[in-house]
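**Student:** Take this structure first; my questions come after.
The values are calculated or read from the model by the stated rules, or taken from the named source; none is laboratory data. Values in this document were obtained by computation on a predicted structure and should not be read as measured data. Here the Cβ is made from the backbone with ideal geometry for all residues, glycine too, and neighbour counts use every protein chain on show.
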Amino acid sequence: MLPLAFTLVLIFISAYFLNNRELMSPAVLYSGSFAFSGLWALAYAGKWFLDPSSLTTLVLVGGGLEFVFVSWFIHLFFSTVRSQQLVNAQNKKNALDNKKADVESNTIVPWNIATWKTVLIVVVLLIGIVYTIYEIKKVAGDMSLGDAIYYVRVQTIFTVNGNTLPRSVSIIRNFSLSCGFFFGYLLARERVYFHTLSPANIVIVLLAIVTTLLMGDRTEMIVVLIAVFCYYYCLSRTRKNWSRPKNKKFIAGVITVGIVVLLVFPEIAKLLGRENDAGANSLDYLSVYIGAEIKNLDTFLRTTTIPVSGSVWGSQTFVNILPWFAKIFNFTLPPEGLILPFQTVNGVYLGNVYTTYYAYLYDFGLWGVFTLVPVMAGVSQLFFERILATKNPNHVPYSILIYSNIVSALVLSFFSNKFFEQIVGRSFVLVILFWVFLNFFIFETGFRKSKSR
């Protein structure tokens, strides 16, 4: 395991310097997630009898290198285009001055949002939380809330269209999630430019997290927190016109928040009815979610012929969009949904997560890895390039809202197929529509910017 972990770390370091030390660049995020997981797996290699096969090594190293180089080439192309535009500017001196200058403080004005709008959003979210709890208890009967949440989650994940809750609960969840991202951006913006924090924005983000936890999904809590960090970083870098980054403070902040989240992770599991999942040893518990994916992937590749025959095309990779197409084109999907067998080794529980590559290998074999990874890298880099070009929007830009979701998908790629599950899905389409509504509601209905800072 040592050579593999060392190679993954080298890929991460290479990505960091190839991308001008931009922590939020797709290649850095993607390679960093696997380097982190690889180091954790290395620490448990003896306990798990982890000795990655040549195929496992090919997938992890080949996929990582492919992602880094595809995104790097796209970045080189856009960098060349931007440089050419600068050279062709009529007044080269002014162009250079503009390039070097920070965004002036007087060009950035506060967005004063009417109190009644934020109050209305808070009330809607609170009603949504109460209604969601009511529906969960209605389905689960006399179970405690924690047990009921876990029961509903199991029914939702492991069967196609297996959600036992009404469609209205899913809509409420997506609206709450969209509010978490949207107001998380407003929170980061006011912190970066005006060094303030609006209590209303904080409350809305926290209520959005509570709603996601009611669905038994701690991952979405992490997704929202990652999004806020993404906004803060990108806005801070935009303020300095993306000059050479100084990442020490930001890295320290990320590490601090990350440690806190990891410490509370087992406790949240207990609150959500997953006591048996939490286990006694916190480090062993966290290893299941951070390092065991590599062991599980290796087990899968050693014991399974890929691609798996008899499965519906893309059933594991595009699990959240196929039910939509099944209704439109009238074909039947297998009832089991995601096929993620739980693994144990030497009596040690390793969970049922296999990295993002599992789905590609399951559905398409090695061909899936070397075709879908470039798609993921290309889409991610294109959105990042768009953010580099965004300066002072008059509303919450959709590019950064979408990219914040891409960021979390890349960061969690070591865990599972978050990119194609999260970004290519019906729920995300609905979230985008809610963003459109929120931009209109907040900025187009009686909204007025402040005229001074």
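**Student:** Give, as residue ranges, the helices (runs of 4 or more DSSP H) completely inside the stretch 278-373 that count at least 2 residues that are closer than 30 Å to Val264 by Cβ and more than 19 Å from the chain's Cα centre (by Cα).
**Tutor:** Working: elements: 282-290, 292-303, 322-329, 357-364.
It comes to 282-290, 292-303.
**Student:** Quick check on my filter: what residues within the stretch 295-321 are touching a residue at least 60 places away in the same chain (Cβ under 8 Å) and under 18 Å from Phe419 (Cβ atoms)?
**Tutor:** Result: Leu297, Gln316, Thr317, Phe318, Val319, Asn320, Ile321.
**Student:** Looking at (1) assigned to a loop (DSSP other than H, G, I, E, B); (2) in contact (Cβ under 8 Å) with a residue 40 or more places away in the chain; (3) more than 14 Å from Ser71 (Cβ to Cβ); (4) not hydrophobic (A, V, I, L, M, F, W, C), which is the one condition that is false for Ser413?
**Tutor:** (3)
**Student:** Let me ask you something else. Pick from the stretch 100-116 the residues that are within 27 Å of Asn19 (Cβ to Cβ) and surrounded by 14 or more Cβ atoms within 10 Å (Cβ to Cβ): which of them is modelled with the highest pLDDT?
**Tutor:** Ile108
**Student:** Same structure, new question: Within the stretch 155-172, track down each residue that is in a helix (DSSP H, G or I), modelled with pLDDT under 90 and surrounded by 15 or more Cβ atoms within 10 Å (Cβ to Cβ).
**Tutor:** Gln155, Thr156, Ile157, Val169, Ser170, listed by residue number.
**Student:** A follow-up question, please. Can you find a residue that is over 21 Å from Phe428 (Cβ atoms) and either hydroxyl-bearing (Ser, Thr, Tyr) or modelled with pLDDT of 75 or more (or both) anywhere in the stretch 175-186?
**Tutor:** no
Each row is one residue, and each column tells you yes or no for (1) farther than 18 Å from Thr57 by Cα; (2) basic (Lys, Arg).
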site: Leu338; (1), (2): yes, no
site: Leu350; (1), (2): yes, no
site: Trp367; (1), (2): no, no
site: Val375; (1), (2): yes, no
site: Gly378; (1), (2): yes, no
site: Lys391; (1), (2): yes, yes
site: Asn394; (1), (2): yes, no
site: Pro397; (1), (2): yes, no
site: Leu401; (1), (2): yes, no
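**Student:** Right, next: Would you be able to say whether some residue in the stretch 197-211 is within 25 Å of Val124 (Cα to Cα) and outside any helix (DSSP H, G or I)?
**Tutor:** Yes, that holds for at least one residue.
Results for (1) over 21 Å from Ser408 (Cα atoms); (2) in contact (Cβ under 8 Å) with a residue 24 or more places away in the chain; (3) touching a Phe, Trp or Tyr at 6+ places or on another chain (Cβ under 6 Å); (4) hydroxyl-bearing (Ser, Thr, Tyr), shown as yes or no for each residue.
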| residue | (1), (2), (3), (4) |
| --- | --- |
| Leu338 | no, yes, no, no |
| Gln343 | yes, yes, no, no |
| Tyr349 | yes, yes, no, yes |
| Tyr357 | no, yes, no, yes |
| Gly365 | yes, yes, no, no |
| Pro374 | no, yes, no, no |
| Val379 | no, yes, no, no |
| Leu382 | no, yes, no, no |
